[in-house]
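Undergrad: Dumping the structure here so I can ask a few things about it.
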Amino acid sequence: MDYEQVIGKIYEEVKSFWGQGKVADYIPALAEVEPRQYGIAVQTLKGQAYQVGDAETRFSVQSISKVFSLAMVTRHLGDELWKSVGREPSGNPFNSLVQLEHEQGIPRNPFINAGALVVTDRLMSLYNRPKDAIIEFVRSVCGNDDIYYDKQIAQSEREHAERNLALAHFMKSFGNIKNDVETLIDVYCHQCAISMSCVDLSRAFLFLANRGLNPFNREQILTVSQAKRLGALMLTCGFYDESGDFAFRAGLPGKSGVGGGVAAYIPGNLVITVWSPELNRHGNSLIGMETLERFTTDIGNSIF
Ligand code: GLU
């Protein structure tokens, strides 16, 4: 398959979608990002890499980081985690509070903010220096030590974290948050502010496409069964309240973030990442969604 040609053609066609979405503006530092940027990277398990456009420009991975924190916690806690977080799509926006009261402080899934906060809270109980542990983990799965937090974005989100603070306090009232809420929000805002490019992310997701095995250092990060579960959660819950539509259009497990990034993969085969900061009304990269749909259609391959 000539992936270079496939992504080159998609890039030229989908560029015309510029101007139809809107850059996230609920965190001031994200609102400053130049909207008309677009990159695609493909990384195969066999070691081939392809890219087009702004694939080496770093951006804020935001909710894509929830996959890394979940992998870190899953490998230590295993199925224990599922006592505190559900596995159902929520059908609600990423930062919604409404289901939590009915469901006694147990978030629907680990990718809505409430669920991700529980995961980060467990991570804080597992590691003495959670911020260092997260960045070291991402560096190791990416095979690249040059990955950092964007301190300005972390600070900006921290200053506008009222809703995440509310979610965390609310869950703490049900006993589902164990650590100090202010510290939890600080760690969470940092993990969202990891700065990576499409090329970095396409490498960092390889272990998921590779049944949990990190191809860079041959470390089995997740068991085959845990990798299956993470993939299933991405397929069903990875795109906020548009997860069903993403599965329908692209047919891949993946995760998006409000920074405009999307990372998805074909198990046993490849990772594809897209970045374009203009979002659709569900908070997913408008160009990212379109690109992924065209990619699996053009190559005639998905998980189905
Ligand atoms: N840092 C964001 C928040 O919690 C993550 C949002 C996202 O990418 O979905 O509000």
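Undergrad: So, for the chain, what is the accessible surface per residue at a probe of 1.4 Å, expressed in square angstrom?
TA: 40
Undergrad: Distance check, please: which entries in Lys22/Lys46; Lys151/Lys172; Lys9/Lys46 exceed 32 angstrom between their Cα atoms?
TA: In this structure, Lys22/Lys46 lie more than 32 Å apart at Cα.
Undergrad: Could you work out how far the C-alpha centroid of the stretch 21-48 sits from that of the stretch 132-206, in angstrom?
TA: Distance between centres, Cα-based: 17 Å.
Undergrad: Out of the total accessible area of the stretch 153-205 (probe 1.4 Å, heavy atoms of protein only), what percent is carbon and sulfur?
TA: 49
Undergrad: Something else about it: Highest first, please rank the peptides 232-244, 86-98 by the mean number of other Cβ atoms sitting within 10 Å of their residues.
TA: With the highest mean Cβ count within 10 Å placed first, the list reads 232-244, 86-98.
Undergrad: Suppose the chain between Asp145 and Arg163 were pulled fully straight at 0.36 nm per residue; how much longer would it get relative to their current alpha carbon spacing?
TA: 3.2 nm
Undergrad: Here's another thing I want to ask about it. So if I place +1 on the C-beta of Lys and Arg and -1 on the C-beta of Asp and Glu, and nothing else carries charge, what would the dipole magnitude of the stretch 70-217 be about its Cα centre? I want it in debye, nearest 20.
TA: It works out to roughly 360 debye.
Undergrad: Translational diffusion coefficient, Stokes-Einstein: compute it for the stretch 198-271 using the Kirkwood radius over C-alpha pairs as Rh, at 10 °C and 1.306 mPa s, and state it as an integer in µm² s⁻¹.
TA: Calculated translational D: 128 µm²/s.
Undergrad: Quote to one decimal, in nm, the extra length available between Ala49 and Gln152 on full extension: 0.36 nm per residue of separation minus the C-alpha distance between them.
TA: Fully extending the segment from Ala49 to Gln152 adds 34.0 nm.
Undergrad: Continuing with this model, one more query. Can you give the charge dipole size of the stretch 141-223 about its Cα centre, rounded to the nearest 20 debye, using +1 on the beta carbon of Lys and Arg and -1 on the beta carbon of Asp and Glu?
TA: With only Lys, Arg, Asp and Glu charged at Cβ, the dipole is about 380 debye.
Undergrad: So if I restrict to the alpha-carbon atoms in the stretch 152-198, what is the Rg, and what is Dmax, the biggest pairwise distance, in Å?
TA: According to the Cα coordinates of the stretch 152-198, Rg and Dmax are 11.8, 39 Å.
Undergrad: Report the full-extension gain for the segment Glu80 to Lys228: residue separation times 0.36 nm, less the Cα-Cα distance, to one decimal in nm.
TA: So the extension gain works out to 51.6 nm.
Undergrad: Lys/Arg Cβ at +1, Asp/Glu Cβ at -1, dipole of the chain taken about the Cα centre: which of Cys192, Thr223, Pro93 is farthest positive-ward?
TA: The residue sitting farthest along the positive end of the dipole is Thr223.
Undergrad: Also, I was wondering about something else. Simple spin-label model, 7 Å along Cα-to-Cβ: Glu103 to Trp18 in nm?
TA: Between Glu103 and Trp18, the simple spin-label model gives 3.9 nm.
Undergrad: Would you kindly calculate the mean projected area, averaged across all directions, of the convex hull enclosing the Cα atoms of the stretch 235-304, in square nanometres?
TA: Convex hull of Cα atoms, orientation-averaged projection: 3.9 nm².
Undergrad: For the chain, give the magnitude of the charge dipole about the Cα centre (Cβ charges: +1 Lys/Arg, -1 Asp/Glu; no others), in debye to the nearest 20.
TA: In debye, rounded to 20, the chain gives about 800.
Undergrad: Another one. On average over all directions, what projected area in square nanometres does the stretch 40-151 have, based on the convex hull of its Cα atoms?
TA: Mean shadow area of the hull around the Cα atoms is 9.0 nm².
Undergrad: Which number do you get for Rg(Cα) / (2.2 N^0.38 Å) in the chain?
TA: That works out to 0.91 for the chain.
The values are calculated or read from the model by the stated rules, or taken from the named source; none is laboratory data. Just so it is clear, the model here is predicted, and its values are computed rather than measured. Cβ atoms come from the backbone with ideal geometry, glycine included; neighbour counts cover every protein chain shown. SASA here: full protein model, heavy atoms, side chains in, ligands and nucleic acids out. Shrake-Rupley method; radii C 1.70, N 1.55, O 1.52, S 1.80 Å.
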